[in-house]
1. So, Glu170, is that one touching a helix residue (DSSP H, G or I) at 6+ places or on another chain (Cβ under 9 Å), exposed (fewer than 15 other Cβ atoms within 10 Å of the Cβ) and either among the aliphatic types (A, V, I, L, M) or on the phi < 0 side of the Ramachandran plot (or both) or not?
2. Quick check on this structure: which one of Ala76, Ala68 is within 18 Å of Ala154 (Cα to Cα), in a helix (DSSP H, G or I), touching a residue at least 40 places away in the same chain (Cβ under 8 Å) and in contact with a Phe, Trp or Tyr (Cβ under 9 Å, 6 or more places away or on another chain)?
3. Looking at Ala188, Ala175, which is the one that is under 36 Å from the mean Cα position of the chain (by Cα), open to solvent by 50 Å² or more (accessible area, probe 1.4 Å), aliphatic (A, V, I, L, M) and at negative phi?
4. If I go through the stretch 225-250 residue by residue, how many of them are among the aromatic types (Phe, Trp, Tyr) and either over 23 Å from Leu80 (Cβ atoms) or under 9 Å from the mean Cα position of the chain (by Cα) (or both)?
5. Does Asp63 meet the test of being charged (D, E, K, R), assigned to a helix (DSSP H, G or I), open to solvent by less than 90 Å² (accessible area, probe 1.4 Å) and over 17 Å from Val192 (Cα atoms)?
6. Has the stretch 96-116 got any residue that is touching a Pro at 6+ places or on another chain (Cβ under 8 Å) and closer than 30 Å to Met179 by Cβ?
7. Looking only at the stretch 1-35, count how many residues are at pLDDT 75 or above, open to solvent by 90 Å² or more (accessible area, probe 1.4 Å) and of a type in the set (D, E, K, R).
8. Here is a list of conditions, (1) in contact (Cβ under 8 Å) with a residue 12 or more places away in the chain; (2) closer than 28 Å to Leu227 by Cβ; (3) open to solvent by 50 Å² or more (accessible area, probe 1.4 Å); (4) not in a helix (DSSP H, G or I), and Asp123 meets all of them except one; can you say which number that is?
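The values are calculated or read from the model by the stated rules, or taken from the named source; none is laboratory data. Because the structure is predicted, anything quoted here is derived from the model rather than measured. We place every Cβ from the backbone using ideal geometry, glycine too, and count neighbours over all the protein chains shown. SASA here: full protein model, heavy atoms, side chains in, ligands and nucleic acids out. Shrake-Rupley method; radii C 1.70, N 1.55, O 1.52, S 1.80 Å.
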Amino acid sequence: MLWEALLWVIMVAGLAGTAAYLLRKRGNGRDDDATNESVGQVFTLVAGLQVVLASFLLIGVLDANAGAAKAASDEADRLLALQWAGDALPEPARGTITTAVHGYTGEVIEVEWPAMSSGAPVDDTAWSRLSAVRTAIATSPATDEWQRSRQIAAADRLWEVYEARQARIEAAGSALSPMMWLALALGAILSVGLSLLFAGTSARVHVAVVASFAAVVTFMIFTIFELQNPYGRAAAVGPAAFDAVLAQLT
């Protein structure tokens with residue numbers, strides 16, 4: 001990912017620097033204070049909006065990544081708590097919960113996680129493995145108050161697993177909308193294009209400034225792109241918490 005980012009930054013910076021050099025060579029970069037003033041006002045507005053938008057989206061995807069990691073960890077913790085609560089119930093509820101939790105965890109690791117990493121939709125196949133748990137908990141006989149409390153605890157943990165699962169799946173589908181990408185691309189093109197129109201500095205300074213600005217803009221957009229899916233590419237939140245659950249169950 002790092003080399004890919006560097007390639008994009010160098011390529012865009014090189015193109016922007018080349019464009020600035022060619023404009024200077026053709027004489028479009030004359031020393032014109034009036035032009036600099038008018039271009040500077042528009043550039044300040046456009047580039048400022050671009051930086052604010054990119055910063056806002058970058059903070060958003062970082063928060064989404066942190067939330068996705070927490071949701072996965074919470075779901076795994078609730079699964080283990082569901083298993084422990086089920087261990088206190090009599091058969092056949094105990095065996096039903098153990099089988100369902102083990103099957104659900106394996107389904108999440110082997111099927112759902114690759115789908116989330118690639119951005120594919122996730123169905124309810126894994127959740128259907130836990131559908132029998134609710135019935136098993138409800139029909140399990142409670143011979144004393146302690147087993148009754150474990151029965152209630154198992155039902156609560158099952159609901160918490162569902163809530164954490166929904167948070168994980170929603171995070172997997174939190175990619176930016178096409179409108180946001182259009183706004184980012186348009187702002188980047190306009191701001192870099194306006195920077196080409198400045199005059200009054202030497203050609204070397206102008207080329208260096210334009211290339212540096214294009215590199216920063218490109219790197220921010222590339223970072224947002226890499227981090228928009230918490231379970232894929234640069235972020236790549238892994239199923240380590242679910243692996244730990246399987247290790248506890250075996």
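1. Spelling it out, Glu170 is indeed touching a helix residue (DSSP H, G or I) at 6+ places or on another chain (Cβ under 9 Å), exposed (fewer than 15 other Cβ atoms within 10 Å of the Cβ) and either among the aliphatic types (A, V, I, L, M) or on the phi < 0 side of the Ramachandran plot (or both).
2. Ala76
3. Exactly one of Ala188, Ala175 is under 36 Å from the mean Cα position of the chain (by Cα), open to solvent by 50 Å² or more (accessible area, probe 1.4 Å), aliphatic (A, V, I, L, M) and at negative phi, namely Ala175.
4. Qualifying residue count for the region: 2.
5. In short, no.
6. Scanning the stretch 96-116, I find at least one residue that is touching a Pro at 6+ places or on another chain (Cβ under 8 Å) and closer than 30 Å to Met179 by Cβ, so the answer is yes.
7. 0
8. (1)
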